[in-house]
């Protein structure tokens with residue numbers, strides 16, 4: 001069975017941003033202590049890390065969902081998401097009587 005959608009894992013994205021920010025802080029701490037060329041090269045690598053962390057790739061969050069009303073009149077939403085890279089998982093389920101009067 002294939003996934004209904006592939007999204008961006010919020011846990012992986014926040015971890016990638018955290019790592020990029022830590023690399024930025026470590027590189028900035030070396031300012032004036034390393035050669036200008038090495039500093040510029042390191043900052044370029046940090047900028048690349050940050051762009052990758054904030055991009056819409058990779059899409060490792062598998063999303064599966066169902067939505068509908070069955071023949072008995074029960075309306076159901078069923079959503080599941082799990083990351084193929086980390087341990088992130090989320091699920092949501094709701095059922096109600098679609099035939100009930102408001």
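We did not get these values from a lab; they are worked out from the coordinates using the rules stated. It should be emphasised that the depicted structure is a prediction, and the values quoted were computed from it without experimental measurement. Here the Cβ is made from the backbone with ideal geometry for all residues, glycine too, and neighbour counts use every protein chain on show.
With R₀ fixed at 25 Å, the C-beta to C-beta distance from residue 56 to residue 78 puts the FRET efficiency at about 0.45. What residues from segment 5-36 fall in the zone where the backbone N is under 17 Å from a label point 7 Å along the Cα-to-C-beta line of residue 92? Within reach of a label on residue 92: 5-11.
For the chain, a Gaussian network of Cα nodes joined below 10 Å ranks 79, 31, 65 by mean-square fluctuation, and the top entry is 31.
Using only Cα atoms, find the angle between the long axis of helix 36-54 and the longest principal axis of the chain, and express it within 0 to 90 degrees, rounded to the nearest 10. The answer is roughly 0 degrees. The residue 45 and residue 8 beta-carbon pair, evaluated with R₀ = 30 Å, returns a calculated FRET efficiency of approximately 0.85. A value for volume of the Cα convex hull per residue in Å³ was derived from the coordinates, and within the list [x] 124; [y] 107; [z] 88 it appears as [x].
In whole percent, what relative contact order does segment 5-97 give with Cα contacts below 8 Å and a gap of six or more residues? Mind dumping the intermediate values first?
Details: 117 pairs, mean separation 27.5, N = 93.
Relative contact order of segment 5-97: 30 percent.
Expressed as an acute angle from 0 to 90° and rounded to the nearest 10, what is the orientation of the C-alpha long axis of helix 10-29 relative to the principal long axis of the chain? Taking the Cα atoms of the chain, the angle to 10-29 is about 10 degrees.
Placing dummy labels 7 Å off each Cα toward the beta-carbon, the span from residue 31 to residue 63 is 3.9 nm.
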